[in-house]
Amino acid sequence: AIVKLILGIESSCDETGIALYHTERGLLAHTLHSQIALHNEYGGVVPELASRDHVRHALPLIRDLLQKTGRTLGEVDAIAYTQGPGLSGALLVGASIACALAYTLDIPTIGIHHLEGHLLSPLLSDPAPEFPFVALLVSGGHTQLMRVDGVGRYALLGESVDDAAGEAFDKSAKLLGLDYPGGALLSRLAQRGTPGRFKLPRPMLHSGDLDFSFSGLKTAVLTLTQQHDLDEQTRADIAYAAQEAIVDVLVQKSLAALGQAGLDQLVVAGGVGANRLLRARLDETVGARGGRVFYPDLEFCTDNGAMIALAGAMRLQQQAAQRDYRFNVKPRWD
Ligand code: KG4
Ligand code: ZN
């Protein structure tokens, strides 16, 4: 294969991620600007603010990254950008920058599915899993179990019928008065929780398929917060029960997916993959059946440009490069 340098741009939600990936030397560098502080006071991502912030940060980040790696734009062979799914305005920023740069440089663009980026992100870490594997994709927007046989060869095994796991964490956290996004904060609060004081439902645990449902959990947490004085210990106890319920379902369904696929490698991708309890439980249970769990490094678990550049590099080896600079983003994309 011909050696290529790929610039990756991620702007689907609230992180501007930029990366340079070299098909022979791997990831050269990546950089990220998080908008968490910007959206914090609104309790969620405000789409218009997100778009404007991507506009402010994308080009300076690209410039910095090139400088840091001693590269120039002229050396870039292709530009990969997140084409969807995500916030349309935010996606348009990345897509228009990618297409405009590519047009002026006369190089191809590669539109990447954001979730493909997450699915392939474990390949950025060492040790990396080998195909085939089962991937548990758990982020603020998605909860999916996929069978991954190779680049572009993905089969959906199961997914959430309503809220994503990250959303369940964030909504429970919000009800407990924690800042957005509250997943990690809830997890910290749960450390001081009393095991067994509250028991929350595990929806669809025995549904017989690999689908999830988390919206009922939010309602159950809401009920608990209304029934009790929210002193510090009670908040911790509710956080404990919420985390147990979410993690329990994720673990049981992941095990079932491995069994159904007849595979023993599990890859966990997406922001919720940072959760310590989830990791400990998965390591224990998957290990007990002779399998192994792979986690991308934390910096590749959450949204980032590196996974988009990597996916672009792998796609580039597979398909004819495009020189169509009409950008069309896909805010909804199966
Ligand atoms: O993949 P990600 O960075 O963004 C997308 O949604 O694409 O995932 C963010 C989600 C948020 O819901 C956040 O609360 C959750 O990941 N999260 C966690 C933890 N760290 C991040 N949830 C539970 N425990 C954590 N330690
Ligand atoms: Zn994501």
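Things worth noting here:
- Listed values for region 93-107 are Karplus-derived 3J(HN,Hα) couplings in whole Hz (6.51 cos²θ - 1.76 cosθ + 1.60, θ = phi - 60°), namely 5, x, 5, 6, 5, 4, 6, 5, 4, 4, 5, 5, 8, 6, 10, and x replaces Gly and Pro.
- Total lysine pairs in the chain at Cα distances under 23 Å, for residues eight or more apart or on different chains: 9.
- If only the Cβ of Lys and Arg carry +1 and only the Cβ of Asp and Glu carry -1, the dipole of region 217-323 around its Cα centre is close to 620 debye.
- Separation of the Ala288 and Arg52 label points, Cα + 7 Å toward Cβ, nm: 5.2
- Quarter of the Cα convex hull surface for region 65-166, i.e. its orientation-mean projected area (nm²): 8.3
- Farthest toward positive dipole pole in the chain [+1 Lys/Arg, -1 Asp/Glu at C-beta], among Val46, His142, Thr69: Thr69
- Close amide H pairs (under 5 Å, H built 1.01 Å from N) link Ser160 with Thr143, Phe212, residues at least 5 positions away or on another chain.
- Antiparallel bridges, percent of DSSP beta bridges restricted to the chain (to nearest 5): 60
- Cα pair distances exceeding 35 angstrom across the chain, given as percent: 23
- Within-15-Å neighbourhood charge of Thr82 [Cβ basis; K, R +1; D, E -1]: -2
- 222 nm mean residue ellipticity, helices alone, for the chain (DSSP H n ≥ 4; -39,500 (n - 2.57); rounded to 500): -14000 deg cm²/dmol
- Taking Gln265, Gln226, Gln243 as the candidate residues, the one with maximal mean-square fluctuation in a Gaussian network model of the chain, Cα springs under 10 Å, is Gln226.
- Cα shape, region 14-110, gyration tensor, a/c 1.5 rule: prolate
- Gyration tensor verdict on region 187-277 (Cα atoms; rounded if a/c is under 1.5, prolate if a/b is larger than b/c, oblate otherwise): prolate
- For region 127-295, the fraction of C-alpha pairs more than 28 angstrom apart is 21%.
- Added length on full extension, which subtracts the Cα-Cα distance from 0.36 nm per residue, Asp264 to Thr104: 53.0 nm
- Phi-derived couplings, Karplus 6.51 cos²θ - 1.76 cosθ + 1.60 at θ = phi - 60°, listed residue by residue for region 122-132: x, 6, 7, 9, 10, x, 9, x, 10, 5, x Hz, with x used for Gly and Pro.
- Global geometry of region 1-54, whether rounded, prolate or oblate, following the gyration tensor of its Cα atoms and the 1.5 cut on a/c: prolate
- Fluctuation leader among Ala37, Ala239, Ala256 - the chain, Gaussian network, Cα springs under 10 angstrom: Ala37
We did not get these values from a lab; they are worked out from the coordinates using the rules stated. Here the structure is a predicted model, which is why all the values come from computation and not from measurement. For neighbour counting, all protein chains shown are included, and Cβ atoms are generated from backbone atoms with ideal geometry for every residue, glycine included.
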